[in-house]
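Colleague: Got a structure for you, written out below as structure tokens; questions coming shortly.
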Amino acid sequence: MKLREGLYAYPWESMTENNCNAYLIDGPVRTLIDPGHAHLLHHLEAKMAQDGFTFEDVQLAVATHPHPDHCEGLLALQKLGVKTTMHVDADAFIRSFSDQWRQMTGQEMPAFHMDFHLKEGTLELGTEKLKVLETPGHAPGSVCLLWEGQGVLFPGDVVFAQSIGRVDLPGGDAAQLMESLERLMGLDVDLLCPGHGPWIEGRGAVKENFYFIRQAIFGMGR
Ligand SMILES: [Zn+2]
């Protein structure tokens, strides 16, 4: 579904199964953000086809953080020739978890080998630029991506409409999440595209959402 010029959103709509929202930037380097679970990729593929895209049209797939409902699909995309990336701490977190998994089950987790790692700074996508913000708290190596000049923020699971990401999963940290939220509040955002649930359009609505969270979840004044 086209959100605005050069931006497509693929919201997860099933009530019975968990997966994330995926977003496609149709720019000089066509970039897919958070492809989601591997076994649910066919949903995304079908929705993208309605907009005239195939997975082979994607040049870069980015995971905002190392939870399987966001990053697992990277592996299948990589096999199709798509470049893949996530933060180095996110990659390390998956590796440490795969050790646990091996000890528990004797089986290997699928190995992730990112083509490159994200870090704080600017990710150049031809003429377009994504500002990479390190925003841990929900998960190690969690990043938010700000599409420069567009005011579009992809926060992964750091912030949602009237809610925030969980901090009770391995590697979660409430104090870090709060710091990450404070960082995001200072950005000029016109469209917030979270990893789950509805997106928020308009600078005023995005600011209101941060104020609501500060007040309702952290009990802080405006
Ligand atoms: Zn998550």
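Colleague: Suppose every K and R has +1 on its Cβ and every D and E has -1 on its Cβ; what is the size of the dipole of the range 75-151 about the Cα centre, in Debye to the nearest 20?
Modeller: For this selection, approximately 160 debye.
Colleague: Can you send over the carbon and sulfur percentage of the accessible area for the range 1-64, probe radius 1.4 Å, protein chains only?
Modeller: 52 percent
Colleague: Efficiency by 1/(1 + (r/R0)^6): what FRET value for V29 and K119, r their Cβ-Cβ distance, R0 = 25 Å, to the nearest 0.05?
Modeller: 0.90
Colleague: Label Q215 and S98 with points 7 Å out from Cα along Cα→Cβ: what is the distance between them in nm?
Modeller: A separation of 4.6 nm, rounded to one decimal place.
Colleague: Here's another thing I want to ask about it. Given H placed 1.01 Å from N in the peptide plane, which residues other than close sequence neighbours of T135 have an amide H under 5 Å from its amide H?
Modeller: It is S142, V143, C144, by chain and number.
Colleague: What is the Cα coordinate range of the chain on the first, second and third principal axes, sorted by size from largest, in whole angstrom?
Modeller: 49, 42, 36
Colleague: Work out, step by step, the length gained on full extension between T105 and L80: first 0.36 nm times the residue separation, then minus their alpha carbon distance; give nm to one decimal.
Modeller: Extending this stretch completely gives an extra 6.1 nm.
Colleague: For the chain, what does the accessible surface come to per residue with a 1.4 Å probe? Please give it in Å².
Modeller: Computed with neighbouring chains in place, this is 46 Å² per residue.
Colleague: Between E134 and E5, how many nm apart are label points set 7 Å from Cα along the C-beta direction?
Modeller: 3.5 nm
Colleague: Say R0 is 25 Å: what FRET efficiency, to the nearest 0.05, do T54 and E201 get from their beta-carbon distance?
Modeller: FRET efficiency, T54 to E201: 0.35.
Colleague: Here's a follow-up. Could you check the simple spin-label distance between D188 and T16, using points 7 Å along Cα→Cβ, in nm with one decimal?
Modeller: Modelled inter-label distance: 4.7 nm.
Colleague: Now for a separate question. Please work out the C-alpha center-to-center distance from the range 175-194 to the range 73-118 and express it in whole Å.
Modeller: One Cα centre to the other: 26 Å.
Colleague: How much length is gained if the chain between A38 and Q162 is pulled fully straight, taking 0.36 nm per residue apart and subtracting their Cα-Cα distance, in nm to one decimal?
Modeller: Extra length available between A38 and Q162 comes to 41.8 nm.
Colleague: Across the range 13-21, in residue order, what do the Karplus-derived ³J(HN,Hα) couplings come to in whole Hz, using 6.51 cos²θ - 1.76 cosθ + 1.60 with θ = phi - 60° and x for Gly and Pro?
Modeller: Once rounded to whole Hz, the list reads 10, 6, 8, 9, 9, 8, 7, 9, 6.
Colleague: 222 nm [θ] for the chain, helices only, -39500 (n - 2.57) per DSSP H run of 4+, per residue, to 500?
Modeller: About -8500 deg cm²/dmol.
The values are calculated or read from the model by the stated rules, or taken from the named source; none is laboratory data. Worth saying up front: this structure is predicted, and the values here are computed from it rather than measured. Quick reminder, even Gly has a Cβ in these numbers, built from the backbone with ideal geometry, and neighbours come from all protein chains shown. The area values use the complete protein model at the heavy-atom level, side chains included, leaving out ligands, DNA and RNA. Shrake-Rupley method; radii C 1.70, N 1.55, O 1.52, S 1.80 Å.
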